[in-house]
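Here is the structure we will look at, set down as structure tokens.
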């Protein structure tokens with residue numbers, strides 16, 4: 001009788017221990033911090049007959065790093081998966097749909113699954129009612145849920161010289177603002193950390209978070225803007241990585257010389273080869289990625305099941321909205337399927353949005369996804385990752401594993417003492 005009672009009393013201990021261990025395992029299997037790097041204006045693949053398009057990235061000699069990521073067996077590809085069928089939103093097999101261009105509508109879509117009729121590249125508030133949205137957006141949902149997000153933008157929050165040109169001096173954090181206006185130029189007091197030039201070019205159109213009331217704080221370009229703490233110069237990223245103070249969701253936007261948008265005036269020398277024109281654009285972007293991605297990968301935030309997503313805004317060329325023009329989408333993560341796994345699932349920007357809503361458990365009214373992410377045809381990015389990586393993490397227990405076991409063990413000992421005295 002006592003042996004039978006011992007067995008039944010011990011069951012809660014085993015049950016609690018097993019449950020807590022399962023919860024810990026579930027947390028470990030989900031993606032951690034997300035780093036999205038926004039790039040510009042090049043196709044992954046395109047028809048050889050499309051002479052109107054810029055040069056594609058796949059197989060291009062000017063993009064050796066990006067191609068190493070998608071080459072099975074390459075050391076750089078060990079934790080990489082990529083999409084081979086990622087298309088511009090609203091693309092059709094024939095390309096007859098006008099889709100959304102230029103860049104800005106795609107960045108707005110990145111946040112909300114819709115461009116809300118915007119078809120221009122205007123800075124926020126430069127077209128009232130068109131480029132400032134009161135709609136719900138991803139980063140706003142994160143903020144309301146208490147989930148941290150940060151926007152690292154190159155060429156913002158820098159001091160200027162007596163001519164009003166940028167310098168390399170980062171302003172004190174108390175003077176950082178929401179970067180509502182684009183800025184570009186050349187300055188002898190500014191040297192870009194990635195391409196070594198004296199040219200700078202921050203484009204507000206390349207950060208979708210700036211176009212929503214919930215995340216731009218209103219038309220206030222001063223440090224008093226309540227959203228200013230979410231925006232930081234790109235120089236801050238290395239500090240935040242070292243201190244493990246990055247956000248759960250991090251958007252990284254290079255300037256237009258490092259995101260493959262614009263060639264430097266004198267071209268760019270990369271790996272001993274001097275490139276000009278479109279090939280220089282690609283080489284500049286590849287150089288940026290080859291520099292910043294290893295920095296992120298060496299951080300605790302990445303090693304703790306983080307993910308880096310290289311995202312490109314829009315397809316280019318003749319009939320650019322058909323399925324023969326694809327966009328690059330590369331994910332790097334300990335939870336990626338790895339070794340340059342190639343996914344053939346049809347993806348769009350709505351797929352990314354749906355994935356981050358799932359991962360962070362943030363939804364619109366009624367529990368749905370935002371905009372086109374709620375379409376039954378929109379697939380999340382789960383095919384690029386190991387099973388369960390996109391599931392919302394199981395909440396941490398309110399007490400730790402050891403205390404939980406000891407609590408139940410204490411109850412068992414009290415019960416044992418009682419039946420031994422009977």
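The values are calculated or read from the model by the stated rules, or taken from the named source; none is laboratory data. It should be emphasised that the depicted structure is a prediction, and the values quoted were computed from it without experimental measurement. Glycine gets a Cβ as well: all are built from the backbone with ideal geometry, and neighbour counts include every protein chain shown.
Consider residue 191 carefully, then state whether it is part of a strand (DSSP E or B), assigned by TED's automatic domain parsing to the domain that holds residue 126, modelled with pLDDT of 95 or more and over 27 Å from residue 119 (Cα atoms).
no
Just one of 142, 138, 158 is more than 22 Å from the chain's Cα centre (by Cα), under 24 Å from residue 236 (Cα atoms) and touching a residue at least 60 places away in the same chain (Cβ under 8 Å); which is it? Exactly one residue qualifies, and that residue is 158. For residue 139, the requirement of being more than 22 Å from residue 36 (Cα to Cα) and part of a helix (DSSP H, G or I) is not met. Take the conditions (1) in a loop (DSSP other than H, G, I, E, B); (2) farther than 18 Å from residue 277 by Cα; (3) at pLDDT 95 or above; residue 82 misses just one of them, which is (1).
Residues in segment 62-77 that are more than 22 Å from the chain's Cα centre (by Cα) and free of Cβ contacts under 8 Å to residues at least 60 places away in the same chain: 75 only. Kindly provide the set of residues from segment 306-349 that are assigned to a loop (DSSP other than H, G, I, E, B), in contact with a helix residue (DSSP H, G or I) (Cβ under 8 Å, 6 or more places away or on another chain) and closer than 13 Å to residue 89 by Cβ, ordered by number. Matches in segment 306-349: 313, 314, 348.
For (1) crowded, with 21+ Cβ neighbours inside 10 Å; (2) out of contact with any strand residue (DSSP E or B) (no Cβ under 6 Å at 6 or more places or on another chain); (3) in a loop (DSSP other than H, G, I, E, B), each residue gets a yes or a no:
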position	(1), (2), (3)
197	no, yes, yes
214	no, yes, no
219	no, yes, yes
222	no, yes, yes
245	no, yes, yes
260	yes, no, yes
266	no, yes, yes
279	yes, yes, no
283	yes, no, no
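If you go through segment 180-194 and keep only what is surrounded by 20 or more Cβ atoms within 10 Å (Cβ to Cβ) and touching a strand residue (DSSP E or B) at 6+ places or on another chain (Cβ under 6 Å), you end up with just 190.
Rundown of residues vs (1) crowded, with 20+ Cβ neighbours inside 10 Å; (2) in contact with a strand residue (DSSP E or B) (Cβ under 7 Å, 6 or more places away or on another chain); (3) not assigned by TED's automatic domain parsing to the domain that holds residue 332, yes/no style:
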position	(1), (2), (3)
46	yes, no, no
51	no, no, no
60	no, no, no
68	no, no, no
71	no, no, no
83	yes, yes, no
92	no, no, no
111	yes, yes, no
121	no, no, no
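Taken over segment 92-125, the residue count meeting the criterion of being under 17 Å from residue 215 (Cα atoms) and part of a loop (DSSP other than H, G, I, E, B) is 7.
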